[in-house]
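Encoded as structure tokens, the structure appears first; notes follow it.
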Amino acid sequence: MFETVLPIIVPIFACAGLGWLWIKLGRTFDIATMTPLVTYIGAPCLVFSSMVHLSVGGEALADMVLATILALVCFGVIGAIGLRIFRLAPSRYLSPLVFTNTGNMGMPLCLFAFGAVGLELAAVFFTVSMVMMLLFGVWLMSGEATPKKVFAAPLPYALAAAFAFRGAGVEPPAWIYNTTSLLGDMTVPLMLFSLGVSLAGMRVVGMRRSLVLAVARLVMGLGVGTALAAVLGLEGVMRGVFIIECTMPPAVFNYLYARLYNQAPEETASVILLSTVISFATLPLLLHFALGTGLN
């Protein structure tokens, strides 16, 4: 098993670990600048350059979009029920249970596990998740339901542009593709490095509650991912990518929004930190399972 998963997890640990070590050695890293750089330039360019030369068909893309939306809905329903049972505020705790680290961690994992096709499908999952987070994640924490943030984000436009070229059967000009491909190539390492930087600045508070939520997020992700993959008939690489993305820990964006809207940012950071540490520890098992389902 380890001979198969080591080439996948070592680059993840190394890049994120370098970010963590960079901060622990007293170096500076402006995460407030780097996050918009990746979000508004790197990720859209990566999505465009990946989608415009997709090796998977339109039906597979539609299946991944549908599966992603259904997964997010399941996370929301299950999470809301659980929070209600334990009398925890959805405005504080639901978003980390729903929106996972499909970018910083999920996309590199799918790239190393399944190659270019894995990255393409993971980019679809990531884009849908980001759009849904801008719509509903911000609404959960701010109480303001508005689509403005979606229209201000470049990701949907990058995806639409790629589909427009594909739908018209036209190759994008070489200068556009080469530029977006070059900028997109910086995204995966920067995502991982930024993840390590973010984790280095987080601290654990409310250990018991944070640990329960962290474990619940990972167990729910694996359960929903596996069940939906079976119900929807996902097979091969798509099944593996879908299960990996569903089982990722909460996205760091949850902490950024929690801090912006003053929704228990310290506890959100604790859930993200503990969930990510547990996820790192269980990655070999997850990858072994996902690779087995993704190659059948």
Task: Relative contact order of the chain, defined on C-alpha pairs under 8 angstrom at six or more residues apart (%) - done: 31
TODO: Taking 7 Å along the Cα-to-C-beta vector as the label spot, tell me the PHE163-ASN178 distance in nanometres, rounded to one decimal.
DONE: 3.0
- [ ] Mind pulling the angle between the C-alpha long axis of helix 174-184 and the longest principal axis of the chain? Nearest 10 degrees, somewhere in 0 to 90.
- [x] 20
- [ ] Using only the Cα atoms of region 64-196, each taken as one equal point scatterer with no solvent, compute I(q) by the Debye sum, divide by I(0), and report log10 of the ratio at q = 0.09, 0.19, 0.20 Å⁻¹.
- [x] -0.33, -1.24, -1.32
Task: Tilt relative to the chain, helix 265-294 - C-alpha long axis, 0 to 90 degrees, to 10 - done: 50
Open item on the list: Restricting to DSSP loop positions (anything but H, G, I, E, B) with no more than 15 other Cβ atoms inside 10 Å of their own Cβ, which trypsin sites (Lys or Arg not before Pro) remain in region 1-88?
Closed with: ARG27, ARG87
Task: Placed amide H near THR100: partners under 5 Å, 5+ positions off or other chain - done: ALA251
Open item on the list: Using the Karplus curve 6.51 cos²θ - 1.76 cosθ + 1.60 with θ = phi - 60°, what ³J(HN,Hα) values do you get for each residue of region 22-33, in whole Hz, with x for Gly and Pro?
Closed with: 4, 6, 5, 7, x, 6, 9, 8, 7, 5, 5, 8
- [ ] Report Rg (one decimal) and Dmax (nearest whole number) for region 169-296, counting Cα atoms only, units Å.
- [x] 17.8, 55
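Each value in this text was obtained by applying a stated rule to the coordinates, not by laboratory testing. If you're wondering where the values come from, they're calculated on a predicted model, not measured in any experiment. So basically every Cβ, Gly included, is an ideal-geometry build from the backbone, and we count neighbours across all protein chains shown.
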